[in-house]
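Okay, structure first, notes after.
The values are calculated or read from the model by the stated rules, or taken from the named source; none is laboratory data. Bear in mind the structure is a predicted one, so any value in this text is a computation, not a measurement. Virtual Cβ from ideal backbone geometry, glycine too; neighbours counted across all protein chains shown.
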Amino acid sequence: MQPHEWPTEYVYERTYKRRAAMMKGPNRMFLVTEPLRDIIEALEPGVHQFKPIRAVSPKGEEHPVRHHMMIVGRWLDAFRLEDSDPSSLLVDRQVPRVKAGYKEAFRGVAMSAAEIWNVHLWRERRLQPATFYMSDTLKHEVTKAGLRLPPSYEMRLVMDK
C-alpha cells in the first residue's frame, strides 16, 4: 500500500469489555496491538506490513494500548481439497468454503505441512472464509504473552504425496 492509503484512525463499531490483540479491520487489514505486532515481527521480520493507527471507541475515547493496522504479507496454497473431509466444506463454488460450525468443520480441513513449514501467519488463496491462519508457534507465543485472540480452530496437517 502507498503511505497515503493507510487509514489513520479506526473507530470500533461497539464498546468491548475486553479486546482481542487482533481484530478484523477494513479492506482485508487487521488491527493488532503493539505487543502482538512485536511477536509477529520477531517470528517473521519484514514479511507483513504494519502502520500505527489511532484506535477509538464509539464514544471517542482513544484506546490506551497502541495499535497498528496490519496487512498479512504472505499468501499460500497450503489447502488440500483432496485430503480434506468433504463434510467440512462447501465445494459447489469457485473457491471451497468451510461449512458453518467452524470448530468441527475446520478439524476436517487439510493443510500441506510442507507448504506451511516455518511460516507463522498467512492467508489462503483457495479457501474461504478469507481470514488469517497461524502456526502453533505463533499461537503459543501469543498465549505466553497473555494476549487474547479471536477464536481459532485446529486444522489437519498432511504430507504431500
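Residues satisfying the criterion are absent from the stretch 100-122 (criterion: under 24 Å from Val65 (Cα atoms) and either modelled with pLDDT under 85 or part of a helix (DSSP H, G or I) (or both)). Quick check: is even one residue across the stretch 32-44 part of a loop (DSSP other than H, G, I, E, B) and either surrounded by 13 or more Cβ atoms within 10 Å (Cβ to Cβ) or hydrophobic (A, V, I, L, M, F, W, C) (or both)? Scanning the stretch 32-44, I find at least one residue that is part of a loop (DSSP other than H, G, I, E, B) and either surrounded by 13 or more Cβ atoms within 10 Å (Cβ to Cβ) or hydrophobic (A, V, I, L, M, F, W, C) (or both), so the answer is yes.
Residues are listed down the side, and each one gets a yes or a no for (1) within 15 Å of the chain's Cα centre (by Cα); (2) of a type in the set (A, V, I, L, M):
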{"site": "Glu5", "(1), (2)": "no, no"}
{"site": "Tyr10", "(1), (2)": "no, no"}
{"site": "Met22", "(1), (2)": "yes, yes"}
{"site": "Leu31", "(1), (2)": "yes, yes"}
{"site": "Glu44", "(1), (2)": "yes, no"}
{"site": "His48", "(1), (2)": "yes, no"}
{"site": "Pro52", "(1), (2)": "no, no"}
{"site": "Val56", "(1), (2)": "no, yes"}
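Taking each residue of the stretch 113-134 that is free of Cβ contacts under 8 Å to residues at least 12 places away in the same chain and closer than 16 Å to Arg97 by Cβ and looking for partners that are buried (at least 18 other Cβ atoms within 10 Å of the Cβ) and of a type outside the set (D, E, K, R) with beta-carbon atoms closer than 9 Å, six or more apart or interchain, yields nothing.
Only one residue in Arg28, Arg66, Arg54, Arg80 is of a type outside the set (A, V, I, L, M), touching a strand residue (DSSP E or B) at 6+ places or on another chain (Cβ under 6 Å) and either at pLDDT 95 or above or under 22 Å from Pro3 (Cα atoms) (or both), so which one is that? After ruling out the rest, the residue left standing is Arg54. Within the set Ser88, Ser112, the sole residue that is of a type in the set (S, T, N, Q) and in contact with a Gly (Cβ under 9 Å, 6 or more places away or on another chain) turns out to be Ser88.
Scanning the stretch 31-51 for residues that are touching a strand residue (DSSP E or B) at 6+ places or on another chain (Cβ under 9 Å) and within 19 Å of Pro151 (Cα to Cα) turns up Leu31, Val32, Thr33, Leu36, Arg37, Ile40.
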